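Novice: If you scroll down you'll find the structure; I have some questions about it.
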Amino acid sequence: MLFEGVLLSLVIGLLAGGRMRNIDHIDLRVPGLLIAALLIQAVVLALAPDKAPWLAGAAPVLVVLSYLLLIYAMARNWHLWGFRIALLGAALNFLVVVANGGFMPTSVDAVRIIGRGELADRLESARYGKNAVLTPRTHLAFLADVHPLPWPYPRPCVYSIGDVFITLGMSLFVFQAVGAFGWRPRSRSDQAGSHSPAA
């Protein structure tokens, strides 16, 4: 969902007058932490317990760590409007993950709706990566992965409310980064000038 949203925003942004060269002027802080957070989650998902049993105990800790890094990095970029929205989404996901032992509860029914029966079976048999089965005992279930996005969406998925805010925020950031719709990227020099004394 995030990948498609960012890619679509980039295409729309370029069609709306944005330029790739404008990205150089964006004051993006601690990008390494953003990348690290996403990589940690990707690794946890790719190396599910059935593929890497040793990961079963470490997965919750790694997922919580990834969200802490993500929230910190987004907070450091508070000056960029897109990150303010994305930060809300990351905080909502972090809240439900922490409330459920380091796993993101996922609706098996929603997974079946998007046509991923094999993944639903794996979820029911054991935790899968950063996901666990949604049950009546799940805390803050309304914040979990419970919303199906089936075909004809290019990459059917199950998403949370937090995912929506993250995708919306990152899409807005892309518009700002490329300068779409006449949006002038706010650079380091702009910020320095705004705090300098008047001549």
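Any read-out appearing in this document is the output of simple, stated calculations on the displayed coordinates, not a laboratory observation. Just so it is clear, the model here is predicted, and its values are computed rather than measured. Methodologically, a virtual Cβ is constructed for each residue, glycine included, from the backbone with ideal geometry; neighbour enumeration extends over all protein chains shown.
Novice: Scan the range 54-95 for residues that are surrounded by 23 or more Cβ atoms within 10 Å (Cβ to Cβ) and of a type in the set (Val, Ile, Thr) and jot them down.
Specialist: 63
Novice: Just to be sure I understand the filter: pairs with C-beta atoms under 7 Å, separated by 6 or more residues or on different chains, first member in the range 147-175 and without any contact (Cβ under 8 Å) to a residue 60 or more places away in the chain and hydrophobic (A, V, I, L, M, F, W, C), second member outside any helix (DSSP H, G or I) and surrounded by fewer than 20 Cβ atoms within 10 Å (Cβ to Cβ). Which pairs pass?
Specialist: 151/115; 158/114; 158/147; 158/148
Novice: Same structure, new question: Please state which one of 136, 148, 105, 152 is touching a Leu at 6+ places or on another chain (Cβ under 6 Å) and either farther than 28 Å from residue 21 by Cα or buried (at least 21 other Cβ atoms within 10 Å of the Cβ) (or both).
Specialist: Working: 136 fails: touching a Leu at 6+ places or on another chain (Cβ under 6 Å); 148 fails: touching a Leu at 6+ places or on another chain (Cβ under 6 Å); 152 fails: touching a Leu at 6+ places or on another chain (Cβ under 6 Å).
Of 136, 148, 105, 152, the one residue that is touching a Leu at 6+ places or on another chain (Cβ under 6 Å) and either farther than 28 Å from residue 21 by Cα or buried (at least 21 other Cβ atoms within 10 Å of the Cβ) (or both) is 105.
Novice: Scan 115, 102 and give me the residue that is out of contact with any helix residue (DSSP H, G or I) (no Cβ under 8 Å at 6 or more places or on another chain) and either free of Cβ contacts under 8 Å to residues at least 12 places away in the same chain or part of a loop (DSSP other than H, G, I, E, B) (or both).
Specialist: None of the other options fit; the residue is 115.
Novice: While we're on this one: Mind checking which residues of the range 7-22 are surrounded by 16 or more Cβ atoms within 10 Å (Cβ to Cβ) and out of contact with any Pro (no Cβ under 7 Å at 6 or more places or on another chain)? It would help to see each step written out before you state the result.
Specialist: Taking the range 7-22 as the starting set, the residues that turn out to be surrounded by 16 or more Cβ atoms within 10 Å (Cβ to Cβ) are 9-10, 12-13, 18, 22.
Once the filter is applied, which keeps residues that are surrounded by 16 or more Cβ atoms within 10 Å (Cβ to Cβ) and out of contact with any Pro (no Cβ under 7 Å at 6 or more places or on another chain), the range 7-22 yields 9, 10, 12, 13, 18.
Novice: Can you find a residue in the range 44-67 that is assigned to a helix (DSSP H, G or I) and under 26 Å from residue 175 (Cα atoms)?
Specialist: Looking through the range 44-67, at least one residue is assigned to a helix (DSSP H, G or I) and under 26 Å from residue 175 (Cα atoms).
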